[in-house]
Amino acid sequence: MKAEIISIGDELSSGSVQNTNATFIANQLHTMGIEVVKITTVGDDTETIIDVLRSAQQKASFVIVTGGLGPTVDDITVEATAEALRRKLVLNKRALKAMEEKFQKFGRTMSPRNIKQAYLPSGSTIIPNPIGTACGFSLAKGNTLFIFLPGVPREMKRMFEESITPLIKKEQIDTSIVRSRVLKIFGKTEFYCNQMLGDLIKKEKEITFAFLPHYPEISLKLTMRGNDKKYIEKKLKTVERTITKILGDIIFGKDEETLEEVVGNVLRSKGATISVAESCTGGLITHRLTNIPGSSDYLERSLIVYSNRAKKELLKVPANILNRFGSVSKETAEYMAKGIKTLSKTTLGLAVTGIAGPTGGTPEKPVGTTFISLAYGRLVKTQKHIFYGDREQIKFITSQYALDIVRRYLLQNN
């Protein structure tokens, strides 16, 4: 079965807001074995919306529309839908009651203009919104089921998971099984991975291989469709093992795992602790580590030592080291890593110092020059990198390499 996704709103068509809804919906449909044939973004223009809706009916079994269900004058999705599908707008008492109850629950007074949201095309079935005021609705036209959801991502996702997934599965004719695996890769290019896996990709005709770059990582998505669930699962596991053997430790995780989550799990499993001293990343490494619930099991403390004074006072980096080699240097990074490890009495001490830009670079140390040091036992391991990009990108890629040096050390050492 085929689906089309339509996202409505001037904020999307103008590029002011990123369209995360379409990405989420497409991924959900893919896991259900439904092919997304088209994703359209359209502004708040009635005639354009009408044209897009009528066109979609000719191509898809499911058309999922987000946005334009609010009470303001630019929320025109419902009116455009009524005209496109030649339905009258009628007051849906269930939608009105649901809104009134929601406003009462939130302790807010419902404005008369909110009543507009309860007028839906005739024949509509409302889709409850458990966390917002705007109900969604579904409407059949010929062989196509139209599904309308709010544009607020948090509301849309909750409604999709609780109501739309069961609805679509109930309507599905194609009962074939689709399974996917995602392998997370860091440290090599897409070209390198494709080259290494070239023979395997040619051999495994039943599986679709898709390289999906998400800076600074690469996701390798394996997808297989069929009717034998056990065979599909077994085949995917076999191919996954083969890929892992070929690519080695540049694969850091699977599916929804993040690098910080993987690092945290390995630290916990080994009973290791870590402390972090950050300069150019300004706390980003710590932010990522503490995004993981339970990170207090392994993260003892962190310091942002942005100035030379902070490096000297808090981490005991000698003044002569800073004067001779500079704050961005192998020597300073190593003293920082040893200093935070000694201060915190942790298994590992991680430190970063660099030039995030856009100013501050020199011919000897251009913008992007970064040193990452990891102290363990009585030893220190240091990496030097020259990263490219804007300030935000350099900070993030530095945090990524810093976390990865911890991961690789832990995997190689007990």
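Would you confirm whether any residue within region 205-223 is farther than 29 Å from I394 by Cα, among the β-branched types (V, I, T), out of contact with any Gly (no Cβ under 8 Å at 6 or more places or on another chain) and touching a residue at least 40 places away in the same chain (Cβ under 8 Å)? Step through it out loud before you land on a result.
First, the residues of region 205-223 that are farther than 29 Å from I394 by Cα: 205-209, 222-223.
Still in the running and among the β-branched types (V, I, T): 207-208, 223.
Those still in the list that are out of contact with any Gly (no Cβ under 8 Å at 6 or more places or on another chain) too: 207-208, 223.
Still in the running and touching a residue at least 40 places away in the same chain (Cβ under 8 Å): 223.
Yes, region 205-223 contains a residue that is farther than 29 Å from I394 by Cα, among the β-branched types (V, I, T), out of contact with any Gly (no Cβ under 8 Å at 6 or more places or on another chain) and touching a residue at least 40 places away in the same chain (Cβ under 8 Å).
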Residue hits (region 276-294; in contact with a Lys or Arg (Cβ under 7 Å, 6 or more places away or on another chain) and part of a helix (DSSP H, G or I)) are L284
Among residues of region 154-196 being in contact (Cβ under 8 Å) with a residue 40 or more places away in the chain and aromatic (F, W, Y), the residue nearest to S399 (Cα to Cα) is F186
For L315, the lone unmet condition from (1) in contact with a strand residue (DSSP E or B) (Cβ under 8 Å, 6 or more places away or on another chain); (2) more than 17 Å from F371 (Cα to Cα) is (2)
*Would a scan of region 381-394 turn up a residue that is more than 29 Å from V266 (Cα to Cα), under 30 Å from the mean Cα position of the chain (by Cα) and either crowded, with 21+ Cβ neighbours inside 10 Å or not assigned by TED's automatic domain parsing to the domain that holds G283 (or both)?*
no
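In region 348-357, is there at least one residue being part of a loop (DSSP other than H, G, I, E, B) and among the small types (G, A, S)? Steps first, answer last, please.
Of region 348-357, the ones part of a loop (DSSP other than H, G, I, E, B) are 355-357.
Okay, now just the ones that are also among the small types (G, A, S), so 356-357.
Yes, because at least one residue in region 348-357 is part of a loop (DSSP other than H, G, I, E, B) and among the small types (G, A, S).
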Selection from region 248-275 of residues of a type in the set (A, V, I, L, M, F, W, C) and in contact with a Lys or Arg (Cβ under 8 Å, 6 or more places away or on another chain) yields I250, I251, F252, L259, V262, V263, V266
Checking L267, L303 in turn, the sole residue that is surrounded by 15 or more Cβ atoms within 10 Å (Cβ to Cβ) and under 25 Å from the mean Cα position of the chain (by Cα) turns out to be L267
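Criterion first (closer than 24 Å to K170 by Cα and crowded, with 21+ Cβ neighbours inside 10 Å) does I49 satisfy it? Give the derivation first.
Values: closer than 24 Å to K170 by Cα: no; crowded, with 21+ Cβ neighbours inside 10 Å: yes.
No.
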The strands (runs of 3 or more DSSP E) lying entirely within region 1-93 that contain at least 2 residues which are modelled with pLDDT of 95 or more and within 18 Å of A134 (Cα to Cα) are 2-8, 62-66, 89-91
(request) Answer yes if at least one residue in region 118-139 is at pLDDT 95 or above, assigned to a helix (DSSP H, G or I) and small (G, A, S), and no otherwise. (result) no
Checking I405, I321 in turn, the sole residue that is in contact (Cβ under 8 Å) with a residue 40 or more places away in the chain, in a helix (DSSP H, G or I) and either of a type in the set (S, T, Y) or not assigned by TED's automatic domain parsing to the domain that holds G187 (or both) turns out to be I405
Note on D199: of the conditions (1) touching a residue at least 24 places away in the same chain (Cβ under 8 Å); (2) among the acidic types (D, E); (3) not assigned by TED's automatic domain parsing to the domain that holds G68, unmet is (1)
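Name every residue in region 97-117 that is in a helix (DSSP H, G or I) and either hydrophobic (A, V, I, L, M, F, W, C) or modelled with pLDDT of 95 or more (or both), in order of residue number.
Taking region 97-117 and keeping what is in a helix (DSSP H, G or I), we get 97-106, 112-117.
If the condition is that a residue be in a helix (DSSP H, G or I) and either hydrophobic (A, V, I, L, M, F, W, C) or modelled with pLDDT of 95 or more (or both), then A98, M99, F103, F106, I115 are the ones that fit.
The values are calculated or read from the model by the stated rules, or taken from the named source; none is laboratory data. None of these values were measured; they are calculated from a predicted model. Positions of Cβ are backbone-derived with ideal geometry, glycine not excepted, and every protein chain shown enters the neighbour counts.
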